[in-house]
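Engineer: My questions will all concern the structure given below.
The values are calculated or read from the model by the stated rules, or taken from the named source; none is laboratory data. Note that this is a predicted model, so its numbers are computed, not measured. Note: ideal-geometry Cβ built from the backbone for every residue, glycine included; neighbour counts use all protein chains shown.
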Amino acid sequence: MDKLTKIIEKKEKPMYREDLIGLFRKLEIKSGDIVIMHVSLSSLGYLVGGEQSLIQTLLEYLGADGTLVMPSQTVNISNPNMWEYPPVPENWQDAVRDSIYPYEVDKTPVDDMLGVVARYFSTYKNTKRSNHPLYSFCANGKMADTIISRHDYDYGFGMESPLGKMYELDAKVLMIGTDFDSNTSIHLAENFLDRDTIIESAPVLVDGEKKWIEFKNVDLDIYDDFPEIEKEFKKEYSNSIHIEEIFNGEAMYFSMRDCVDFSKKYYFKKEKNILI
C-alpha cells in the first residue's frame, strides 16, 4: 500500500509546496541562510512531488544568497577489514577490495542509509560534491564552492572539512523527521577530544588508476550517546531551537555552532566522568 493510499484512507491531506513554505517560515528559516539538512521524507506524509519538491522549494526559499548542504557519505567503499555491521569474513576481503570502484565525485552513489533525498540532491543541477572518498558533502548555492573545496582526507569531519567551514560560517541545522543519530555536525565536536587516532583507507583515482589510500580519523561514536546529547541540548537551548510538529515526528532548526559547542562541552565532561 503506497503513501497516497494510506493518506486517502486516513482522510488526511497531502503536503503541498505551500505547506513546505509554511513550515520553513514557522521554523524561522531565513533567505540567505546556510543550511545543512537531514531528512526522512516519509515523515512528511505524502509530499506531492517528493524529494524534488522538497529540494527545489527549499533552494528557492533560501534564494540566491543561500546555500543548502547535505551529507553524501560513501562508507560502503571503505576497506572491508573495517566493516562491522556485519563484519566481512576474512576470506572475502581481498575479493571485496578488488570489486570496489574508486571514489569519483560524479559517479559514486550516496549511501542508501542517507535516504532518497540526499541521493537526489547529489544529482541536482549545480550541486557540487567534496572529494573525500568516505565522508563527502554536497552543496548547492552561493557558498557551495567555499564549503566543499579542499576537503582534507585526514580527519574528514574536522575543521578542514565542510563541517568546519560551515561552523565558521555560522550555518544552521535543519532536521525533518530525524533525530540526533543522523546529526553529522556532532562529529565535528568529536574531533576536539583526546581520542585515539585510527587509520582508514578507501580507493581513489590517481592518474586514472585505482589506488587505495590511507588517512587518519578520530575514533567516532565510542559512547553512542547522540540521543542523550539531543535531550540535553534541547533543554539548554530551548529558547533558540525552533521545533514544529509534522505528519510523523517533528522538524527542528537550530544553530550548528550552538550544537557543536554544546557537544564539545558534553563530551569533555563525559570523558572526565563528570555528570553534565
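Engineer: Could you go through the range 73-86 and let me know if any residue there is surrounded by 17 or more Cβ atoms within 10 Å (Cβ to Cβ), in contact with a Cys (Cβ under 9 Å, 6 or more places away or on another chain), touching a residue at least 12 places away in the same chain (Cβ under 8 Å) and in a loop (DSSP other than H, G, I, E, B).
Structural biologist: Scanning the range 73-86 turns up no residue that is surrounded by 17 or more Cβ atoms within 10 Å (Cβ to Cβ), in contact with a Cys (Cβ under 9 Å, 6 or more places away or on another chain), touching a residue at least 12 places away in the same chain (Cβ under 8 Å) and in a loop (DSSP other than H, G, I, E, B).
Engineer: A further question follows. List, please: which pairs have Cβ atoms under 8 Å, are six or more places apart or on different chains, and start with a residue in the range 33-53 that is free of Cβ contacts under 8 Å to residues at least 40 places away in the same chain and end with one that is surrounded by 17 or more Cβ atoms within 10 Å (Cβ to Cβ) and part of a strand (DSSP E or B)?
Structural biologist: 47/15; 48/15; 53/47
Engineer: Next question, about the same structure. If we keep just the residues of the range 238-276 that are among the aromatic types (Phe, Trp, Tyr) and part of a helix (DSSP H, G or I), which is modelled with the highest pLDDT?
Structural biologist: Looking at residues that are among the aromatic types (Phe, Trp, Tyr) and part of a helix (DSSP H, G or I), I get 262.
Engineer: Which of (1) free of Cβ contacts under 8 Å to residues at least 60 places away in the same chain; (2) closer than 21 Å to residue 175 by Cα; (3) part of a strand (DSSP E or B) is the odd one out, the single condition residue 235 does not satisfy?
Structural biologist: For residue 235, the exception is condition (3).
Engineer: On the basis of being touching a residue at least 24 places away in the same chain (Cβ under 8 Å), of a type in the set (Gly, Ala, Ser), on the phi > 0 side of the Ramachandran plot and out of contact with any Phe, Trp or Tyr (no Cβ under 9 Å at 6 or more places or on another chain), does residue 208 make the cut?
Structural biologist: Here the answer is no, as residue 208 does not meet what is asked.
Engineer: Based on this model, can you work out whether residue 101 counts as touching a helix residue (DSSP H, G or I) at 6+ places or on another chain (Cβ under 9 Å), of a type outside the set (A, V, I, L, M), surrounded by 13 or more Cβ atoms within 10 Å (Cβ to Cβ) and modelled with pLDDT of 95 or more?
Structural biologist: For residue 101, the condition - touching a helix residue (DSSP H, G or I) at 6+ places or on another chain (Cβ under 9 Å), of a type outside the set (A, V, I, L, M), surrounded by 13 or more Cβ atoms within 10 Å (Cβ to Cβ) and modelled with pLDDT of 95 or more - is not met.
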